[in-house]
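The values are calculated or read from the model by the stated rules, or taken from the named source; none is laboratory data. Keep in mind it's a predicted model, so treat the numbers as computed, not measured. Glycine gets a Cβ as well: all are built from the backbone with ideal geometry, and neighbour counts include every protein chain shown.
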Amino acid sequence: MKGRVLIVAGSDSGGGAGIQADIKAVSALYGYAMTAITALTAQNTLGVHGVYPIAPAFVVQQMRVVLEDLGADAVKVGMLATSEVIEAVAGEYIERAVNIPLVVDPVMVAKGGHSLLADEAELTLKKRLLPLAAIVTPNIPEAEALTDIEIRDLDDMRRAADLIRTFGPKAVLLKGGHMDGDLVQDLLVTEDGAEIFESPRVHTPHTHGTGCTLASAIAIGIAQGMGMRDAVARARAYVMEAILTAPGLGHGHGPLNHLHTVRPFP
């Protein structure tokens, strides 16, 4: 076991996304996962049926006691839901973990279409959390919401990723899974330039939790000392295999196979 990741995110009672997916991904990649839960959801493969937010002060307390005792090599942030929680998480991160790499997955909409981020919280996310991030991992709809750029092709992805980088994160991984075509193209933009990662599109309904899983897989790679590009490459390969070997559970967007065999960290 190598690498400690503190995950600040919401719970998915169906086990396919959120904290549950995060813990599985970090564990499968030989890391140690810790959590600060920001919200409880009543959720399954058919959608989100209810959300119960956790008080910001208690989210902060979870972060504090973990960081003070166990420490962390990376922090991953997922569903935060409200401006108040974003402000609280950003403040605690600055106070206790500012030198620890931060992976931000800007969770805005669940796979079934349920909104997971209040409208007024988008601006808070951009102003308070993205400037702190080592990498932010939006999908196409999230990138469009963050930039007001309509994304139809790779050139649009480049413009959106470049604009998101001006908000302060050191790197942006803009995921292209919502685009049409037989290839899925993800665009990584860092201070060193841009790189396109390509993989064949898998036509399957079993993709619930891919965003959470990918971000946590990147976080544990960083925690284990991998460079950003290598952490992204391994995380993408891990998620692809998890999709290909998905167990086929549920009647909607089914979960991945998080516990398939993977190559350990270098």
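(1) part of a helix (DSSP H, G or I); (2) in contact with a helix residue (DSSP H, G or I) (Cβ under 8 Å, 6 or more places away or on another chain): which one isn't true of V66, the others all being true?
The number of the failed condition is (2).
Is one or more of the residues making up segment 224-233 polar (S, T, N, Q), more than 23 Å from V107 (Cα to Cα) and modelled with pLDDT of 95 or more?
Within segment 224-233, one or more residues are polar (S, T, N, Q), more than 23 Å from V107 (Cα to Cα) and modelled with pLDDT of 95 or more.
Please work out which one of (1) over 13 Å from the mean Cα position of the chain (by Cα); (2) in a helix (DSSP H, G or I); (3) crowded, with 19+ Cβ neighbours inside 10 Å is the condition I220 fails and give its number.
Evaluating I220 over (1) over 13 Å from the mean Cα position of the chain (by Cα); (2) in a helix (DSSP H, G or I); (3) crowded, with 19+ Cβ neighbours inside 10 Å leaves (1) as the failure.
If A194 satisfies all but one of (1) of a type outside the set (D, E); (2) surrounded by 18 or more Cβ atoms within 10 Å (Cβ to Cβ); (3) modelled with pLDDT of 95 or more, what's the number of the condition it fails?
(2)
Whether any residue in segment 207-216 is without any contact (Cβ under 8 Å) to a residue 12 or more places away in the chain, surrounded by fewer than 24 Cβ atoms within 10 Å (Cβ to Cβ) and out of contact with any Lys or Arg (no Cβ under 8 Å at 6 or more places or on another chain) is what I want to check.
No, every residue in segment 207-216 fails to be without any contact (Cβ under 8 Å) to a residue 12 or more places away in the chain, surrounded by fewer than 24 Cβ atoms within 10 Å (Cβ to Cβ) and out of contact with any Lys or Arg (no Cβ under 8 Å at 6 or more places or on another chain).
Evaluate the following for M63: is it in contact with a strand residue (DSSP E or B) (Cβ under 6 Å, 6 or more places away or on another chain), closer than 17 Å to A223 by Cβ and buried (at least 21 other Cβ atoms within 10 Å of the Cβ)? Full working, then the answer.
Numbers: in contact with a strand residue (DSSP E or B) (Cβ under 6 Å, 6 or more places away or on another chain): yes; closer than 17 Å to A223 by Cβ: yes; buried (at least 21 other Cβ atoms within 10 Å of the Cβ): yes.
Criteria met by M63.
Can you find, within segment 122-139, the residue that is surrounded by the most Cβ atoms within 10 Å (Cβ to Cβ) among those that are part of a loop (DSSP other than H, G, I, E, B) and of a type in the set (A, V, I, L, M, F, W, C)?
A133
Within segment 50-63, how many residues are in a strand (DSSP E or B) and without any contact (Cβ under 8 Å) to a residue 12 or more places away in the chain?
1
If I go through segment 224-258 residue by residue, how many of them are assigned to a helix (DSSP H, G or I) and either closer than 21 Å to L174 by Cα or aromatic (F, W, Y) (or both)?
The number of residues fulfilling the criteria is 16.
Within segment 156-184, can you find the residues that are over 16 Å from E144 (Cβ atoms) and crowded, with 18+ Cβ neighbours inside 10 Å?
Answer for segment 156-184, where residues must be over 16 Å from E144 (Cβ atoms) and crowded, with 18+ Cβ neighbours inside 10 Å: P169, A171, V184.
How many residues does segment 73-95 hold that are in contact with a Lys or Arg (Cβ under 6 Å, 6 or more places away or on another chain) and not in a helix (DSSP H, G or I)?
1
Okay, residues lined up against (1) among the hydrophobic types (A, V, I, L, M, F, W, C); (2) over 22 Å from P255 (Cβ atoms):
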{"position": "G16", "(1), (2)": "no, no"}
{"position": "A25", "(1), (2)": "yes, no"}
{"position": "A57", "(1), (2)": "yes, yes"}
{"position": "R64", "(1), (2)": "no, yes"}
{"position": "L67", "(1), (2)": "yes, yes"}
{"position": "L70", "(1), (2)": "yes, yes"}
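Take L146 and decide whether it is under 22 Å from M228 (Cβ atoms) and aliphatic (A, V, I, L, M).
Criteria met by L146.
Are any residues in segment 20-49 under 15 Å from the mean Cα position of the chain (by Cα) and not in a strand (DSSP E or B), and if so, which ones?
Matches in segment 20-49: Q20, A21, D22, I23, K24, A25, V26.
Would you confirm, using the coordinates I've provided, whether A219 is under 18 Å from K2 (Cα atoms), among the hydrophobic types (A, V, I, L, M, F, W, C) and touching a strand residue (DSSP E or B) at 6+ places or on another chain (Cβ under 9 Å)? I'd like the intermediate steps shown before the answer.
Values: under 18 Å from K2 (Cα atoms): yes; among the hydrophobic types (A, V, I, L, M, F, W, C): yes; touching a strand residue (DSSP E or B) at 6+ places or on another chain (Cβ under 9 Å): yes.
In short, yes.
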